[in-house]
Amino acid sequence: MDDTAGLRINEPQGRLLLLTTILGSGMAFLDGTIANVALPHIGAELDADLAGLQWVINGYTLTLASLILIGGSLGDRLGRKRVYAWGIGGFAIMSLACALAPTIETLVGARLLQGVAAALLTPGSLAMLQASFHPDDRMKAIGAWTGMLGIATAGGPVVGGWLVGIDWRLAFWINLPLAAIILVLLRWAPESRDEHASHHTDVPAVLLAPIGLAGITWALTAWPETGASATTLASLAVGVLACVAFVVAERSERDPMVPLSMFANRTFSVINLVTLLVYAALSGSMFFLAVYLQVSAGWTPLAAGAATVPMSIVMLFLASRFGGVATRYGARTPMLAGSLVIVVALSLLALAPDDPSFVRHILPGVTLMGFGLSMLVAPLTGTVLAAAPQSRSGLASGINNAVSRTAGLLAIAVLPLVVGLSGREYEQGPAVADAYRGAMWSCAALVLAGAVLAALGLQQRCDQASVVAPEREATATS
């Protein structure tokens, strides 16, 4: 778009576009929040074991993580408004399928396809704002988008808990009217595309990424029940071989989906490894916390969802401030401080008894988690963007986003195996409480490993943090 053209934030069309992107992203964030809170109720109604519940989360994350880069490139090539609309429509259709699912297998299948739709809509929000607004108003629009999504993230657990307390299927029904409103508002949104975007599709990457992640995830999820069976080992072998083939294919591809040359930059590689460790801990801890508070502590879905609100509120007010600190003084120090605060937070949560008090056992941990993430998230994302060439900043953001999603996928698959929770044990309060405490200690160890990696791998003053990506601030708790 010509820098002399573009929407202004004080004009009706600009405000409508902003509202459209906020509603679409908010719908996806709310869905992720509610799914965690709904798991015990889904298991009870659909007679699902723990592996089935893991796949309710992992099915969605698998396809989203595998295809999010393709979603972004399709928007650049075919039109960001068009691909965003496809994502919204597909998300609504698959939400309907989730709401009507009669079995856990049907629900998981619908969640897999819902993740495909999310991969189309997720990259579109910021891309539409960046391409459609006048340069003088772009950061204002992105700032407003971030602030509103921060509020949605803070309120999401409460809304989700309230809906699940009535009926977990409402968690998916609510997406239908939201999607209808978004599609109507899209009529007034301008279309944009990259006229110089490559029209080449990296077919091997599109096929191998989901096969690799699916094979490894299925094997790790099934292992607690089946052990080292022939089927489990075969799935693991297929997944590992597909991942190796993915790397080989990307090395020889003329226009790869994930250019491996970007990882030659030490900072880029280190930050993505830190992202993998930290977001695995975040996703795993939130998964176990939601189940523990309902099954072991006996809290209602509303109470369990509301328990994490302090974390979101702290991030809402402090994340951008710590982004400014990283810009002035470098990213390494706030990243290390944030990681250590998160380790303390997870350790406090790990000390909770079977019947916890919110004020004494949960509130200190989730509040400290918010402080730690506020210190860590903005410099982490800003550093990974600035470590890549300016022309590839969008791709760098997409890769880092895919890494964070993959981290959550693997964490939810691996942690139950590590802490010895399987089958129907998620219905037993004492078993869940023991597994929860083991999971929190494991997550604390992951974050500590990330801190050590950052300390050893980043320079004392990492000036690359001059660019702060607001989208990760909004999505850190989704």
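Can you find a residue that is over 18 Å from the mean Cα position of the chain (by Cα) and either surrounded by fewer than 21 Cβ atoms within 10 Å (Cβ to Cβ) or closer than 20 Å to residue 422 by Cβ (or both) anywhere in the stretch 54-64? Steps first, answer last, please.
At the first step, the residues of the stretch 54-64 found to be over 18 Å from the mean Cα position of the chain (by Cα) are none.
No, the stretch 54-64 has no match at all.
Taking the stretch 368-478 and the helices (runs of 4 or more DSSP H) fully enclosed by it, the elements with 2 or more residues that are surrounded by 23 or more Cβ atoms within 10 Å (Cβ to Cβ) and modelled with pLDDT under 90 are at 393-419, 470-475. When the criteria are applied in full, residue 408 meets the requirement of being within 29 Å of residue 243 (Cα to Cα) and not β-branched (Val, Ile, Thr). Filtering the stretch 71-89 for residues that are in contact with a Lys or Arg (Cβ under 9 Å, 6 or more places away or on another chain), at pLDDT 90 or above and closer than 30 Å to residue 299 by Cα leaves an empty set.
Each row is one residue, and each column tells you yes or no for (1) among the hydroxyl-bearing types (Ser, Thr, Tyr); (2) under 17 Å from the mean Cα position of the chain (by Cα); (3) surrounded by fewer than 21 Cβ atoms within 10 Å (Cβ to Cβ).
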| residue | (1), (2), (3) |
| --- | --- |
| 36 | no, yes, no |
| 46 | no, no, yes |
| 69 | no, yes, no |
| 80 | no, no, no |
| 90 | no, no, yes |
| 93 | no, no, yes |
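Just a yes or no: is a residue in the stretch 114-128 over 23 Å from residue 408 (Cβ atoms) and surrounded by fewer than 20 Cβ atoms within 10 Å (Cβ to Cβ)?
Of the residues in the stretch 114-128, the ones over 23 Å from residue 408 (Cβ atoms) are 128.
Now narrow it down to the ones that are surrounded by fewer than 20 Cβ atoms within 10 Å (Cβ to Cβ): none.
Checked against the condition, which is being over 23 Å from residue 408 (Cβ atoms) and surrounded by fewer than 20 Cβ atoms within 10 Å (Cβ to Cβ), the stretch 114-128 yields no hits at all.
Per the listing 151, 211, the residue uniquely out of contact with any His (no Cβ under 6 Å at 6 or more places or on another chain), among the β-branched types (Val, Ile, Thr) and at pLDDT below 85 is 151. Identify, please: which residue in the stretch 283-300 is β-branched (Val, Ile, Thr) and assigned to a helix (DSSP H, G or I) and is, among those, farthest from residue 33 (Cα to Cα)? Among those that are β-branched (Val, Ile, Thr) and assigned to a helix (DSSP H, G or I), it is 295. Taken together, 414, 341 contain a single residue that is outside the structural domain of residue 213 (by TED's automatic domain parsing), of a type in the set (A, V, I, L, M) and farther than 26 Å from residue 309 by Cβ, which is 414. Would you mind stating whether residue 346 is closer than 23 Å to residue 430 by Cβ, surrounded by 23 or more Cβ atoms within 10 Å (Cβ to Cβ) and not aromatic (Phe, Trp, Tyr)? Yes; evaluated as a whole, the condition is true for this residue.
If you go through the stretch 137-148 and keep only what is within 12 Å of residue 21 (Cβ to Cβ) and either out of contact with any Gly (no Cβ under 9 Å at 6 or more places or on another chain) or at pLDDT below 75 (or both), you end up with 142, 144, 145, 146.
The values are calculated or read from the model by the stated rules, or taken from the named source; none is laboratory data. Owing to the predicted nature of the structure, the values given are computational and were not obtained by experimental measurement. With ideal geometry, Cβ positions are generated from the backbone for all residues, glycine too; neighbour counts draw on all protein chains shown.
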